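Here's the structure, in structure tokens; my notes come after.
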Amino acid sequence: MTTEIVNVENVSKRFVLHQHRSVKERVVDFRGRNRHRHDFWALRDIDLSVPLGSTVGLVGHNGSGKSTLLKVIGGIIEPTTGTVTRRGRMAALLELGAGFHPDLTGRENVYVNASILGLTRKETDRYFDDIVEFSGIEEFIDTQVKFYSSGMYVRLAFAVAVHVDPDLLLVDEVLAVGDEPFQKKCMDKIASFQREGRTIVLVSHSASQVGALCDRVIVMDHGKMVFDGEPATGIRILRDGYESDRMAEAAAALQAGDETEVTFTEVDISSQVHASGVDVVLDLEVEVKDQIDDWGLGVTLENTLGTVVYAVDTFGEKLDMPASVGKHRVRLELPDLRLGAGKYLVHLGLGSSSGLTYASRSGAGSFNAPDELHGSGLLRVDPAFHIGSPR
Amino acid sequence: MTNPSYEAARRAANIENEAMVSVTPPSGLFRGSRKSMREIWEYRELLWLLVRREVKARYKDSYLGIVWSLFRPLAQLFIYYFAIGQILGAARSLPDFAILVFIGLTWWGLFAEIVQSTTTSVIGNAGLVKKTYLPREIFPLAATGGALVNFVIQVAVLLVAIAVISSYRLSTDLLMAPVSMLIILCFGTAVGLILAAVNVYLRDVQHFVEVAIIILFWASPIVYGFTFVANALHGSWVEQIYLSNPVTISILGAQKALWSQGTLATGDLAQSWPPDLWPRLLITLLISVVLLWIGQRIFARLQGNFAQEL
């Protein structure tokens, strides 16, 4: 039986959106006031139990209610119905440097901020040097924070936040701060928090971050929990959601109809998984409406984080495309792609060698690369270790 | 360096001993106020830091710093002293007119500053209210604290001034000064808590307060003597209404304690005082404490939606 640290029971949150706020408007339109009220349910019947020592990721689209849920857990917003109970010491990192006063020095702000997060003065005294060292802004600690660069500001704020000693840490989109070495430092700190048995609930848009940190993912959609469980599955559901949105957008764009010289009339993307990788085949039909002698096709493969893993076009391959008016078929085979596990998107484009775009199909299709057997990353590799004694 | 797994086990053991507590404050009258009080007590260090932050930030980068807080009441003192005291002649019937006015201005200033700064305190700290969990009463209380700091400085100047240009009358009446200060503190904070909460929903409140403060200034014997009121109203029910104003009664208390000439002067300069000043003060103090409690309950009830209304 695991100990629970947070329990959310049957929680709903309704926001009432008023159209007008001043006394005059309220008095003048007193009888019609209900016409100007709009109810909006940010959370609907949420039940959630967070066991001690777990790291839970809340993911979802913008406006899906994940930040609201975090605020309800943190006690910042009172739920309309239902109860939230929790125990232990909580620190909420919803915005870095929320309590910073621009006119005060870094030192003074550290004390105020630490106190807001629940540290006593003595504890702050004890941690103060660590905090300053972690932030890496020793020289400027007695400067007013209004003169800080934005990077220095968030680094100091984050340094304070990770030095409070919380049992429960609520984090909202604040882990991606500072330069790369500092981000690494933050991630290391979070990892050591996890080893020390602290509970973390975090809201993030970054699937890779959620995948790396969390042992449980909750997918929110329109105020409801649509998935609660294993991170890999959760991230897949989230991405499928994004994907279907994108498909809908693409279809809408297609309907709008683009009257250019060259267009796609048919797109068929198929993939075949085998032992060493994936074979991807693109079958396209292109219609040339006006006679143009200079057109070509470009294909880009991207992972879901938007990293381009491969790009190719017909100009680079010095291929001549048929210039005659009418429909033409193009088949592109991409055999034996040794890509790391995950979903990949295929983007297509038609254009001229001078860079003019005739038509584009962003996210025209997708394929899945199978789970890696060895290691992880963008590539699928069969590694061979040779372990022996030193020569 | 402690072993992390040992650390984790210790943490788990500690937490298992704690009971699950509801995040939303109980709204029951008595249970709720006990919990609020305990929470505010837990954050007392932050309260002090916020008061210091307010005071420090206000006078940061100015050469004279906190001395500036004295200039406004001193300027007011000179204006009233010359305009009302000398030109309109009020000083002729009021001994030590400058002392009288400065006592009134100091006590009134405490009330006005508490009410004005608490009213905007929650909105002024919107960033914190929306992004962190704190007992929200902290913000009005910190504003009250800031006003109290200014008050203490003014009182120090006042006490020195009395010693130099007038004299102290040693009697138990001197205790009326701290009692009257407590009344203003409790009453002002009570009013401020309610206004701060309502102001979140209806921003008109802060403008209303500005106007009300200007008008109410004349409803207490600050730049005129109580004798003038007593002569005009002859102890009628209107005078009783006038005296039921907690600010008026505490300013009178402060004057009785510190304005020695008001009690000692004889002949033409003899002053009248309201009857039963001590009982009035103590009853008003009691009422103010009850009001403070009611104010906190109203604040607690309204604070649930602060984060989304700001």
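Structural remarks
- Restricting B:214, B:241, B:298, B:249 to those that are under 30 Å from residue B:135 (Cβ atoms) and of a type in the set (Val, Ile, Thr) reduces the list to B:298.
- Those residues of segment A:37-57 which are aliphatic (A, V, I, L, M), modelled with pLDDT under 90 and touching a Lys or Arg at 6+ places or on another chain (Cβ under 7 Å), in sequence order: A:42, A:43
- First in segment B:282-310 and modelled with pLDDT under 95, second anywhere and basic (Lys, Arg), Cβ under 7 Å, 6 or more apart: B:303/B:136; B:306/B:136; B:307/A:71; B:307/B:130; B:310/B:130
- Restricting segment B:49-86 to residues that are of a type outside the set (A, V, I, L, M), closer than 19 Å to residue B:146 by Cβ and not in a helix (DSSP H, G or I) leaves a set whose member that is nearest to the other protein chains (Cβ to nearest Cβ) is B:60.
- Test: residue in segment B:247-266 that is β-branched (Val, Ile, Thr), surrounded by fewer than 16 Cβ atoms within 10 Å (Cβ to Cβ) and over 28 Å from residue B:170 (Cα atoms): no
- Among the numbered conditions (1) modelled with pLDDT of 85 or more; (2) aromatic (Phe, Trp, Tyr); (3) more than 19 Å from residue B:108 (Cβ to Cβ), the only one that residue B:59 does not meet is (1).
- Meets criteria (modelled with pLDDT of 85 or more and in contact with a Lys or Arg (Cβ under 8 Å, 6 or more places away or on another chain)) for residue A:167: yes
- Pair list, Cβ < 6 Å and 6+ apart or interchain, from segment A:121-134 residues that are among the basic types (Lys, Arg) to residues that are modelled with pLDDT of 90 or more: none
- Any chance residue A:376 is assigned to a loop (DSSP other than H, G, I, E, B) and closer than 26 Å to residue A:242 by Cβ: yes
- Residues of segment B:43-72 classified as touching a residue at least 24 places away in the same chain (Cβ under 8 Å) and aliphatic (A, V, I, L, M), total: 7
- Inside segment B:221-254, residues that are farther than 20 Å from residue B:282 by Cβ, small (Gly, Ala, Ser) and not in a loop (DSSP other than H, G, I, E, B) make up a count of 2.
- Output for segment A:61-108, where each listed residue is assigned to a loop (DSSP other than H, G, I, E, B), within 21 Å of the chain's Cα centre (by Cα) and facing chain B (nearest Cβ under 9 Å): A:94, A:95
- Number of the exception - residue A:227 against (1) in a strand (DSSP E or B); (2) within 14 Å of chain B (Cβ to nearest Cβ); (3) without any contact (Cβ under 8 Å) to a residue 60 or more places away in the chain: (2)
- Residues located in segment A:183-209, provided they are within 21 Å of residue A:154 (Cα to Cα), under 18 Å from the mean Cα position of the chain (by Cα), more than 14 Å from chain B (Cβ to nearest Cβ) and outside any loop (DSSP other than H, G, I, E, B): A:183, A:184, A:186, A:187, A:202, A:209
- Taking each residue of segment B:205-226 that is surrounded by fewer than 19 Cβ atoms within 10 Å (Cβ to Cβ) and looking for partners that are of a type in the set (Ser, Thr, Tyr) with beta-carbon atoms closer than 6 Å, six or more apart or interchain, yields B:206/B:119; B:206/B:120.
- Some residue of segment A:146-153 being over 27 Å from the mean Cα position of the chain (by Cα) and part of a helix (DSSP H, G or I): yes
- Residue, modelled with the lowest pLDDT, within segment B:13-32, restricted to residues that are under 27 Å from residue A:10 (Cβ atoms) and small (Gly, Ala, Ser): B:27
- In the set A:120, A:143, only one residue is modelled with pLDDT under 90, facing chain B (nearest Cβ under 8 Å) and surrounded by fewer than 16 Cβ atoms within 10 Å (Cβ to Cβ); that residue is A:120.
- Residue match in segment B:46-56 (condition: touching a His at 6+ places or on another chain (Cβ under 8 Å) and more than 30 Å from residue B:165 (Cβ to Cβ)): yes
- Qualifying positions in segment B:86-108 - crowded, with 21+ Cβ neighbours inside 10 Å and either closer than 21 Å to residue B:215 by Cα or out of contact with any helix residue (DSSP H, G or I) (no Cβ under 8 Å at 6 or more places or on another chain) (or both): B:100, B:101, B:102, B:103, B:104, B:105, B:106, B:107, B:108
- Of all the residues in segment A:331-346, those that are of a type in the set (D, E, K, R), assigned to a strand (DSSP E or B) and touching a residue at least 60 places away in the same chain (Cβ under 8 Å) number 2.
- Among the residues of segment B:43-77, those that are over 22 Å from the mean Cα position of the chain (by Cα) and exposed (fewer than 13 other Cβ atoms within 10 Å of the Cβ) comprise B:61, B:62, B:63, B:64.
- Residue in segment B:17-30 that is under 23 Å from residue A:123 (Cβ atoms), touching a Ser or Thr at 6+ places or on another chain (Cβ under 8 Å) and facing another protein chain (nearest Cβ under 9 Å) present: yes
- Residue A:62 over 21 Å from residue A:193 (Cα atoms) and surrounded by fewer than 23 Cβ atoms within 10 Å (Cβ to Cβ): yes
- Scan of segment A:257-296 for residues that are among the β-branched types (Val, Ile, Thr) and assigned to a loop (DSSP other than H, G, I, E, B), ordered by number: A:260, A:292
- When residues of segment B:272-293 are limited to those that are closer than 14 Å to residue B:189 by Cβ and not aromatic (Phe, Trp, Tyr), the one surrounded by the fewest Cβ atoms within 10 Å (Cβ to Cβ): B:290
- Unique match (being modelled with pLDDT of 85 or more and under 29 Å from the mean Cα position of the chain (by Cα)) among A:282, A:305, A:297, A:301: A:301
- Segment A:252-273, residues that are among the hydrophobic types (A, V, I, L, M, F, W, C) and modelled with pLDDT under 65: A:253, A:254, A:256
- Counting only helices (runs of 4 or more DSSP H) that sit wholly inside segment B:87-196, those with at least 3 residues that are more than 17 Å from the chain's Cα centre (by Cα) and more than 21 Å from residue B:54 (Cα to Cα) are B:97-119, B:138-165.
- Between B:205, B:200, the distinction of being β-branched (Val, Ile, Thr), touching a Phe, Trp or Tyr at 6+ places or on another chain (Cβ under 7 Å) and within 14 Å of another protein chain (Cβ to nearest Cβ) belongs to B:200 only.
The values are calculated or read from the model by the stated rules, or taken from the named source; none is laboratory data. From a predicted model like this one, the values you see are computed outputs, not experimental measurements. All Cβ positions, glycine included, derive from the backbone under ideal geometry; neighbour counts span all protein chains shown.
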